[in-house]
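Presented below is the structure to which this report refers.
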Amino acid sequence: ISNFLKVLLLVNLLTMWRSRLIKLIIGLAIALILSTLIFLGLRIFIPPPEYPSYSYDYDSCAAGDQACYERQQRERQKKQEEYQETSKEYGGKIFIAANIAGLIVLLLGIFAFLAGLGTNVGAGVILAGVFGISMGYTLGWEGADDVVKFSVGLIVALIVIAGAVVFNRKNSQVPPPA
């Protein structure tokens, strides 16, 4: 009988771990798919600037024609400066848009927890929201003002902390203090 109980316990543990592994995979799949959708959606609505292409036409300049070479260099420099300005504008736009998208998805994840849709669903959606916010900081760092970066970071931190407190209270057996 002792061996039989050991086998039953082992089967029970394997079933439990299999279920947890499947839930983990589903949560990660949700995070990956939503993160990809955030990234692609932002690229559709706020396309990144294209890096300028340069064609050096040395054949158009006569041998030793320094003025021609300098003109081509100025044109290249002008294109580079225009690209840098466009990139900075893009950074500001993508910072705001990605953080808004990330915050919305993050809040949806918190509500998924509260609605009882499952830990894997809530965690996957929250991870995708964190990805959106991280993407905003990564792609928009140069284009966003420090005050804006700090303000958005503070809002995100407060939402995450509040969501964690609500989640912990909901899943705790001890009632919240009165």
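The values are calculated or read from the model by the stated rules, or taken from the named source; none is laboratory data. Values in this document were obtained by computation on a predicted structure and should not be read as measured data. Cβ: placed from backbone, ideal geometry, glycine included. Neighbour counts: every protein chain shown. Surface areas here come from the heavy atoms of the whole protein model, side chains and all, with no ligands, DNA or RNA. Shrake-Rupley method; radii C 1.70, N 1.55, O 1.52, S 1.80 Å.
Table for the structure above
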| quantity | calculated |
| --- | --- |
| Index of the failed condition, residue 142 passing every other in (1) of a type in the set (D, E, K, R); (2) surrounded by 14 or more Cβ atoms within 10 Å (Cβ to Cβ); (3) not in a helix (DSSP H, G or I) | (2) |
| Residues that are among the hydroxyl-bearing types (Ser, Thr, Tyr) and either at pLDDT below 90 or open to solvent by less than 60 Å² (accessible area, probe 1.4 Å) (or both), drawn from the range 61-107 | 69, 83, 87, 90 |
| Filter pass, residue 136 being under 29 Å from residue 34 (Cα atoms) and either surrounded by 13 or more Cβ atoms within 10 Å (Cβ to Cβ) or within 17 Å of the chain's Cα centre (by Cα) (or both) | yes |
| Among the residues listed as 130, 121, the single one being open to solvent by 50 Å² or more (accessible area, probe 1.4 Å), closer than 20 Å to residue 28 by Cβ, touching a residue at least 12 places away in the same chain (Cβ under 8 Å) and assigned to a helix (DSSP H, G or I) | 130 |
| So residue 170, is it open to solvent by 90 Å² or more (accessible area, probe 1.4 Å) and over 17 Å from residue 33 (Cα atoms) | yes |
| Qualifying residue in the range 22-35 (condition: among the β-branched types (Val, Ile, Thr), under 30 Å from residue 91 (Cβ atoms) and either part of a helix (DSSP H, G or I) or open to solvent by less than 100 Å² (accessible area, probe 1.4 Å) (or both)) | yes |
